[in-house]
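The values are calculated or read from the model by the stated rules, or taken from the named source; none is laboratory data. The shown structure was predicted, so the numbers you read here are calculated from the model rather than taken from an experiment. Because the Cβ atoms are built from the backbone with ideal geometry, glycine has one as well, and the counts that use them run over all protein chains shown.
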Amino acid sequence: MQTSKKFSLNERIEHFMSQLLIELLSNEASMNSRTIKILRIIVMDFVFLDLARQKSQLSTTNNVNQQFEIKLYEFPQNFQNLCMVIDIINAMTDETKQTQYPELLIIQSYDMLDETLPFTLDDIAISNYYFDHTSDLQLISLMNNDALIEHSFSEFIHSLAIDNMPNLTRFELYPSLLNIPVNCIQNRAKLFHLFEIFVEKFLSLLDFSLSPKTSILTDKIRIVKNYLSNRKRIQWFEHSLIETKANQFSTFPTIQFDFVKANGTENNEQRTTFYQGYEQLHENAHLLFRNDDNQRLWEAQYIGMHSIDHGGPYRDSITSMCSDICSTRLPLFILCPNGRTNIGLNRDRWIPNVFPPNQSIPIEIKKQYQFIGQLMGMAIRRKHHLDLKFPNLLWKQLLEEQITMKDIEAIDIQSFAIIKEMENNIKQNKSIDIGSDTNYLFSSIMSELRFDIVSSAGHTYELFPGGKDIPIIANNFNEYCTYYREYRLNEFRRQIEYIRQGLCSVVPNNLMTLLTASELEEVVCGKHQIDIALLKRNTQYNNSNLETPYIQRFWKVLIEMFDDEQRKLFLKFVWGRNTLPSGDEDFREKFSINLLMRNEYEADIMLPRFALNDVRIGSHYAFLTESGLGSVVIINLQTGQVRRVLDNHPSTKFVDPTVVRMEGRAILDEKGQPKKMHNNHLELTPDEKTLFYKPPFGYNWFQVSTDDLTNETMTESELGNKVLTSWKAMPTGGTTMDDAGNIYLMDIERQTVWQQNSVDGSWTLLIHDERINWGDASDVSADGFLYIPMSQINRLPSSNNGTNRVEKPFQMSPSKFESLPNEILTDIIEKYVNGVDLLRAFSFQLNQRFDSLIIQSQRLRFDFIQCYQDDFRFCMGLLPAYTNKIEELAISEQNTPGQVYAFLSFFRSFALFQQLRKLYFHFNDQALDWNIIQDALHSLLKTKVDTLSIKASIKENRFVLGTTIARLFGLNSLKSFSLLSDLDNMNWNDLGNMSSNIEHLTISGIHCRFQDLQYIFQCTPRLKYLDVEIVGRRMAFYGEKGKHSKIIIPLMSTLRKLILYFADNSLVTMDMLTEYLNSMLALKYLEIKAHSELLDANGWKLLLETSLPLLTHFILRTTSSRIKKIGIDNVLSSFQNSYWVSKQNFNLMITEHEHWDSDDFGIDETTSHIRHEFDCPVIRC
């Protein structure tokens, strides 16, 4: 019925189906039967399609809507509403905007909207013109995030405008709405509001648990679910949870967890916390997890730990099970390929493990996947969020949405790389007419490939039986691509389907499918970040309040010093769960902060003082200093036994009084007392026979034999008698020892480094440098480098009388480039190193490691500006191998004549560089064939360049270049455009009919009249930054005496920074400038390079107060030569009043410059005289 144009029905069948539907819609009692409900949906689909067919046949006659509505009135109101909603959907989603909205919508809106909110079909049609899918979704997002809409929809509508102007603050996060008239935004919001009301009315008629493509009407609603507020969709879903809850358990099971077994070294999935919980819970989970009466669903008993479950062990058991799920301890999930190779996005996401496609997944594994789905259902019902890190594709399939190639690439960036590269090569070869035989490409590039595939887990599987023996050639390549994509898109289908089955056994699938993938993830896992403000609102204080100093310090640490992972660990420690509820209403119990100590003396009893510091590891023992109380700690590496010795010996204690000074300051604690630090530094001799140690502020080394230290039969007194006072020393920040037994001391008072011979105690000064600021944790590497981190401990509040003087970043010296890990080197290669230098330094296998890193890098930048000719030629021979990785490219004729011609001889089109995002293209048309330049510029329209700089010196072809440049404004990906040229006939009004995404625009040297700004503004509605020069009186422009065309200036609501250069002989007046600035309500930075006409202090005061309310920075610049007639003193005195004096960041600048002469040579002829007048060296300001 949907696809056939000739389909027709017998009138008796039509009548029968219509009457059957009327009966089914009228008899609500029978709807308890799922069979009858599905029958009703089938009949509704049938009748709807028949009515749609009849309506299309009526389209050739008059009064179509009237005749159709008469036919529709035969059916109950709920079906009429359903048909009306389908009409609304068709109109909303019609990109041609030709589909009309039903009149019934307006008729029914009278009873649904406040009388202060008028609404007509004309209102809908006008607003429909301004909106597309992107702006629709941004408006829906605004409505989702505005709490006012829950209180009063009318107040929300009125709040969208302030004095009939857009509320710019409200729209800053929704840029697509900024250029839409406010009344159109209001009317579109009314439409969405009504649409939601109508959908809610017939919601019970449909069954959203039906699979996609089962019901036409259901699919119609499901496709536009994003047009319904998430607030309402979640409300519907939660109502279905209430209707399906089960309270079949009067007592709840006790689940035993053996954490000793779970944390053992043996890698056995059956020992994990997850498996222990699964084994005891999965049989009744579909019923147990639907209970809603108790705070807990089971009592967690930790074997051997004597725990009493008041909620903590229960929550902790769930957290531990989640930790097992996203780990290698179970065979259920693996880290995604991006995570394993450490490239691309979503590196922390876990995907279902992969099983052979031609074999069944084991029953036990299937049940465990189902149990995970049941845990998700429990999380939804109980609002106990799970810490699971699954990719978007899993949540989409749980909602039975279609998985796409982008979803797969999000977790495996290389998944389709080979076939995409091959397809591109085939297209390129066809385009340059190599010939129809492309088998040579397969023999050279894909000679090893067969009809098999490497799975996401790294296993190889045949795409079909016998596929491993079939090579890929030109004739079967398309077939291979089809099989390849089909496998990738269905690789996890079975596993996720089992999870979905478990989920749907606990929560109803009907209205869940109206959620989006991100919303489903949020109701299961909560928000990705810990919402400290939410936690703070739900915290209660005992014996304190929010203003108590230690409470303020607590929140300061949690907010400013902890990252999100640390906050999760904190929550797990105090609450047993590492996620927060979604909102205030979901807190079943408050977070409580209780005072355990009432005075400072109790702190010594309550809090630990043990503080481990330096460690030295030998063959059989590890030795540590303990600086909290002062002692030496010994660990037997074979048995794990730990002993603490010399804890009462004076050698491990701070010697009082000792006052150490550094950087001219005494090192004092937070109470202003001399800093006390017990035993801290130690060194183990290379033969492991002697241990040296000392407190940091001590003036002596102490030494003891390791034989005596490890002799467990020796008493403390006997061991203390074995301690010897060794060599003299000084207050030290840190120490280390080399393989020869020499000790290196970081002298904190003198900011020096000393080498001390451990045999005779003699000292040698190595370094004296003020940059050595409490060197600590130093080390001598195998290649002889001494590494000294600068800890700045003396600048911490605990060592600086309560004041923090730490300077960041922290430093360590020295280091070696080759010692960096591959991840950092790859980041450096991709972001900071010029590709010219890379190829010169590492090509031809000069360094295999770096050659491999270059090959693996996904982004490269090549800057050929001022490149040596030999280096340029060298790179041209190698560059074809990197065209699909070059993200940034710079070529120029300046100082390197012939470079652009040579480059474009190799690469006629910039479209060859598929990853190109930034291009700096500087050329001189006298040095190049114009056709080559034109082809290169036209090819930019086939790229995804977002940053473009064109610097062009033009003698001929000026008109053609102006037309070509105007077309570049239409490049969708372009965000930043810098244009420097001596072009004098740019036709700017061509831009008025275009729409550009440019946000940053710089125009220099090009003929641009003041009236041309309107065309630039009309073309660039998203513009944030504009820097442009306005030509002088030699060119005809807006403002000349006589007639001129009316200007049309759009609202520039996104423009934040504007820089205008005016020629000395400009005739632009304050009134003309004000007319433009009135359209820039959000402008924050304004800089004017002014002629004398614009040096009007009162005019600027009035303009700034009335037109630019958000302006924070204003610079009015002129030169002494421009104001000779007026006089500097007169200009300055006009600005010397209370208004200008009180304004911060509002400046008048008058400068005198050196004389500038143009060299009139080559590409630098493009340099603007107006701009250079201000850029020449300043003599006086």
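Of all residues in region 942-974, count the ones that are surrounded by fewer than 17 Cβ atoms within 10 Å (Cβ to Cβ) and hydrophobic (A, V, I, L, M, F, W, C).
2
Consider region 591-610. How many of its residues are at pLDDT 75 or above and surrounded by fewer than 10 Cβ atoms within 10 Å (Cβ to Cβ)?
Residues that pass the stated criteria total 1.
Considering only region 763-795, how many residues are surrounded by 15 or more Cβ atoms within 10 Å (Cβ to Cβ), closer than 12 Å to Asp747 by Cβ and free of Cβ contacts under 8 Å to residues at least 40 places away in the same chain?
Within region 763-795, residues that are surrounded by 15 or more Cβ atoms within 10 Å (Cβ to Cβ), closer than 12 Å to Asp747 by Cβ and free of Cβ contacts under 8 Å to residues at least 40 places away in the same chain number 3.
Return a yes/no flag: does region 874-882 have any residue that is assigned to a helix (DSSP H, G or I), within 29 Å of the chain's Cα centre (by Cα) and modelled with pLDDT of 80 or more.
yes
Can you name the condition, by its number, that Ser939 falls short on among (1) of a type in the set (Gly, Ala, Ser); (2) outside any loop (DSSP other than H, G, I, E, B); (3) at pLDDT below 85?
(3)
Test each condition in (1) closer than 17 Å to Val615 by Cα; (2) in contact with a strand residue (DSSP E or B) (Cβ under 7 Å, 6 or more places away or on another chain); (3) among the acidic types (Asp, Glu) for Asp739 and report the one that comes out false.
Failing condition for Asp739: (2).
Could you say which residue among Thr713, Thr725 is free of Cβ contacts under 8 Å to residues at least 12 places away in the same chain and surrounded by fewer than 20 Cβ atoms within 10 Å (Cβ to Cβ)?
Selected residue: Thr713, the only one of Thr713, Thr725 that is free of Cβ contacts under 8 Å to residues at least 12 places away in the same chain and surrounded by fewer than 20 Cβ atoms within 10 Å (Cβ to Cβ).
So in region 611-631, with the set limited to residues that are in contact with an Asp or Glu (Cβ under 8 Å, 6 or more places away or on another chain), modelled with pLDDT of 85 or more and in a loop (DSSP other than H, G, I, E, B), which one is surrounded by the fewest Cβ atoms within 10 Å (Cβ to Cβ)?
Ser619
Pick from region 170-213 the residues that are hydroxyl-bearing (Ser, Thr, Tyr) and not in a helix (DSSP H, G or I): which of them is farthest from Asn510 (Cα to Cα)?
Selected residue: Tyr174.
Just to be sure, is Gln67 in a helix (DSSP H, G or I), at pLDDT below 80 and either out of contact with any Ser or Thr (no Cβ under 9 Å at 6 or more places or on another chain) or not assigned by TED's automatic domain parsing to the domain that holds Val224 (or both)?
no
Suppose we filter region 253-279 for residues that are crowded, with 16+ Cβ neighbours inside 10 Å and in contact with a strand residue (DSSP E or B) (Cβ under 7 Å, 6 or more places away or on another chain); how many remain?
Total satisfying the criteria: 6.
Looking only at helices (runs of 4 or more DSSP H) that fall completely inside region 307-403, which ones have 3 or more residues that are out of contact with any Pro (no Cβ under 9 Å at 6 or more places or on another chain) and closer than 30 Å to His239 by Cα? Spell out how you get there, then give the answer.
Details: elements: 312-325, 337-341, 363-382, 392-398.
Per the criteria, 312-325, 363-382, 392-398.
Conditions tested, residue by residue: (1) assigned to a loop (DSSP other than H, G, I, E, B); (2) crowded, with 17+ Cβ neighbours inside 10 Å; (3) on the phi > 0 side of the Ramachandran plot.
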site	(1), (2), (3)
Tyr483	no, yes, no
Glu486	no, no, no
Gly502	no, yes, no
Val507	yes, yes, no
Glu522	no, yes, no
His528	yes, no, no
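Here is a yes/no grid of residues against (1) assigned to a loop (DSSP other than H, G, I, E, B); (2) in contact (Cβ under 8 Å) with a residue 60 or more places away in the chain; (3) within 20 Å of Phe1062 (Cα to Cα); (4) not assigned by TED's automatic domain parsing to the domain that holds Thr134:
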| site | (1), (2), (3), (4) |
| --- | --- |
| Thr964 | no, no, no, yes |
| Arg967 | no, no, no, yes |
| Ser978 | no, no, yes, yes |
| Leu1023 | yes, no, no, yes |
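Within region 851-858, can one find any residue that is modelled with pLDDT of 85 or more and more than 22 Å from Ala936 (Cα to Cα)?
Within region 851-858, one or more residues are modelled with pLDDT of 85 or more and more than 22 Å from Ala936 (Cα to Cα).
Under 8 Å between Cβ atoms, which residue pairs at least 6 apart in sequence (or on different chains) link something in region 944-955 that is without any contact (Cβ under 8 Å) to a residue 12 or more places away in the chain with a partner that is surrounded by fewer than 23 Cβ atoms within 10 Å (Cβ to Cβ) and in a strand (DSSP E or B)?
none
For residues in region 896-936 being part of a strand (DSSP E or B) and touching an Asp or Glu at 6+ places or on another chain (Cβ under 9 Å), which is surrounded by the most Cβ atoms within 10 Å (Cβ to Cβ)? First the steps, then the outcome.
Kept after step one, since they are part of a strand (DSSP E or B), are these residues of region 896-936: 918-924.
Add one more test, that the residue is touching an Asp or Glu at 6+ places or on another chain (Cβ under 9 Å), and what stays is 918-920, 922-924.
Numbers: Lys918: 16, Leu919: 21, Tyr920: 18, His922: 21, Phe923: 27, Asn924: 23.
The selected residue is Phe923.
Would you be able to say whether some residue in region 228-248 is touching a Phe, Trp or Tyr at 6+ places or on another chain (Cβ under 8 Å) and either under 20 Å from Leu82 (Cβ atoms) or surrounded by fewer than 18 Cβ atoms within 10 Å (Cβ to Cβ) (or both)? Reasoning before the result, please.
The initial filter retains those residues of region 228-248 that are touching a Phe, Trp or Tyr at 6+ places or on another chain (Cβ under 8 Å), namely 228-229.
Checking the rest, the ones that are also either under 20 Å from Leu82 (Cβ atoms) or surrounded by fewer than 18 Cβ atoms within 10 Å (Cβ to Cβ) (or both) come to 228-229.
There is at least one residue in region 228-248 that is touching a Phe, Trp or Tyr at 6+ places or on another chain (Cβ under 8 Å) and either under 20 Å from Leu82 (Cβ atoms) or surrounded by fewer than 18 Cβ atoms within 10 Å (Cβ to Cβ) (or both).
I need a count of the residues in region 677-719 that are assigned to a helix (DSSP H, G or I) and under 49 Å from the mean Cα position of the chain (by Cα).
The number of residues fulfilling the criteria is 0.
Can you tell which of Gln98, Gln138, Gln80 is modelled with pLDDT under 85 and either part of a helix (DSSP H, G or I) or loosely packed, with under 14 Cβ neighbours inside 10 Å (or both)?
It is Gln80.
Condition test on Ser892, is it hydroxyl-bearing (Ser, Thr, Tyr), buried (at least 16 other Cβ atoms within 10 Å of the Cβ), modelled with pLDDT of 80 or more and over 32 Å from the mean Cα position of the chain (by Cα)?
On the way: hydroxyl-bearing (Ser, Thr, Tyr): yes; buried (at least 16 other Cβ atoms within 10 Å of the Cβ): yes; modelled with pLDDT of 80 or more: yes; over 32 Å from the mean Cα position of the chain (by Cα): yes.
Taking the combined requirement at face value, the residue satisfies it.
Of Val574, Val557, Val523, which residue is of a type outside the set (Ser, Thr, Tyr) and in contact (Cβ under 8 Å) with a residue 24 or more places away in the chain?
The match here is Val523.
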